[in-house]
Amino acid sequence: MGANVILQSRMDQLGLTQDELAGRLNAALDEITGRPGDISPRTVRNLLNGSSRRPIGRTCVALERVFGCPVADLGFNAPSSMQHPPEDPVRRRKFMLSTTGTAAAAVPGIGQQRRSVGMTDVARAAAGLNRLVEADDREGGHTSLATAALDGRGKVLELQQRNASERVRRAMYALAAEYTAIAAFSYIDLRDLDAAQRHLYESTTFAGLAQDPSTGIRVWINMAMLAFQRKNWAEQLAAAQAALSSQAARRDPFFSSMGRVRLALAHSSMGDPQAAKRALGTAQETFRKAVEEERPRWTAFYGSAELSHLAAIILNRNGQASEAEAMAHRALAKLPPEFQRNRALATCQLALAQLRQGEPEQATNTAATVFTIMDGAALPGRMRTLIGDFHRDLIRLAPSTTYARNWADRMRDEWSRG
């Protein structure tokens with residue numbers, strides 16, 4: 001007898017191993033009969049290798065429960081007790097349509113008899129996630145983006161209620177963590193820090209259930225960003241250290257660099273410029289060791305351009321304005337055009353560096369390009385904070401100049417977009 005390629009194909013679609021299918025079949029028997037099943041992986045092997053073409057009745061019932069179709073559709077010959085007389089397809093379709101609602105209401109649990117979830121469902125959900133990441137790259141965080149991310153998470157968690165293999169279930173939890181992280185990051189950008197913290201805690205739970213290293217480090221990086229916004233320097237440092245100690249950072253120099261630059265930012269927040277400089281140098285050196293490989297879509301922002309942007313932030317905080325200006329120019333020269341929000345943020349750092357070197361008019365011209373880059377989109381809260389810092393310093397240094405007055409008028413007009 002030949003192997004049952006139909007069953008193998010259905011298992012592949014759901015990401016099921018032989019051991020996992022045996023466990024799912026036993027769980028199905030427990031639901032049906034109230035007693036755990038005793039189907040072994042060896043039984044599954046026999047089903048796959050073709051030595052068992054007519055399974056016994058209880059195995060057939062469990063197979064139909066797990067795969068949501070008759071055993072005949074899985075390549076088996078059903079026992080006579082489970083065979084159904086052929087029906088006219090039109091008659092059967094009319095019957096199914098007429099009874100769907102009443103049957104689901106009358107039979108407990110029938111509404112949950114939905115098909116199992118496989119890796120194709122994971123890919124479909126991930127495509128929706130990637131579209132939100134692209135929107136964040138362009139415009140930054142806003143309320144509608146956060147709402148869309150939480151809606152996406154809700155759909156993923158609905159899929160979790162269906163039958164799925166362990167691999168598929170962990171992938172779904174990773175998606176739930178990433179959708180929640182997008183919502184949290186949007187609220188960080190909006191500076192709604194309480195909402196950001198709430199969703200980051202939720203994301204931490206999903207990341208733990210997913211056991212996915214790259215998702216885990218993303219949560220810690222966002223924790224470090226939130227702590228900075230709250231001016232909680234000790235927590236910022238602890239989150240950066242957790243990111244650097246994560247499994248992803250230990251395995252991949254790319255993620256290690258991402259953790260090290262967050263450590264540098266934390267040291268600069270705590271007023272330790274030497275430690276910040278050392279950590280930044282190590283982040284740059286480690287990034288050069290990273291090899292090109294496929295990584296999650298959310299990591300696309302992190303490259304040599306973003307590393308230069310973050311270096312500009314650190315150097316500005318360390319009082320090294322000329323070095324910060326050079327790094328901001330380097331970032332802007334390399335940032336891809338689709339990263340609109342990050343380009344505007346790097347421009348803010350350039351304007352601040354120029355202002356701190358006693359070049360207020362040039363700095364004002366630079367700062368004004370932020371509004372052009374954002375192309376009429378409302379400024380995220382995080383960007384407003386930077387622009388507000390620039391505005392206060394400009395008015396203090398050159399309050400009566402024509403360019404400062406023109407800047408103030410322009411800023412009022414742009415602020416109203418929020």
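Since every read-out is calculated from the coordinates, none of them should be taken as a lab result. Being a predicted model, the structure only gives us computed values, none of them experimental. For neighbour counting, all protein chains shown are included, and Cβ atoms are generated from backbone atoms with ideal geometry for every residue, glycine included.
Annotations for the structure displayed:
- Stretching the chain fully between D194 and S51 yields a gain of 45.5 nm (0.36 nm per residue, less the alpha carbon separation).
- Degrees separating the helix 273-289 axis from the principal Cα axis of the chain, which is the longest one: 50
- Choice from D151, D136, D12 showing the highest fluctuation, given a GNM over the chain with Cα pairs closer than 10 Å: D12
- Degrees separating the helix 360-374 axis from the principal Cα axis of the chain, which is the longest one: 20
- Helical contribution to [θ] at 222 nm, DSSP H n ≥ 4, -39,500 (n - 2.57), averaged over the chain, rounded to 500: -24000 deg cm²/dmol
- Debye log10 I(q)/I(0) at q = 0.15 Å⁻¹ for the stretch 153-223, Cα point scatterers: -0.44
- Hypothetical label at E359: residues of the stretch 303-330 whose amide nitrogen lies under 12 Å (7 Å Cα-Cβ projection): 321-329
- Quotient of Cα Rg and 2.2 N^0.38 Å for the stretch 5-83, N being how many residues it contains: 0.98
- Total lysine pairs under 25 Å (Cα atoms) in the chain, excluding pairs fewer than 8 apart on one chain: 4
- Gaussian network model of the chain, springs between alpha carbon atoms under 10 Å - residue of A331, A275, A196 with greatest fluctuation: A275
- Sites count as exposed loop sites when they are GluC sites (Glu not before Pro), lie in a DSSP loop, and have at most 10 other Cβ atoms within 10 angstrom; the longest stretch of the chain without one is 88-291.
- Efficiency of FRET from Cβ geometry, E158 and R405, R₀ 41 Å, rounded to 0.05: 0.15
- Axis angle, to the nearest 10 degrees, between helix 5-14 and the longest C-alpha principal axis of the chain: 30 degrees.
- Listed by Cβ neighbour count within 10 Å, with the fewest neighbours leading, T369, T286 appear as T369, T286.
- Debye log10 I(q)/I(0) for the chain, one point scatterer per Cα, at q = 0.13 Å⁻¹: -1.07
- With the simple spin-label model, which puts each label point 7 Å out from Cα in the Cβ direction, the D272 to D73 separation comes to 6.1 nm.
- Our note on the geometry: Cα centres of the stretch 176-235 and the stretch 244-320, 18 Å apart.
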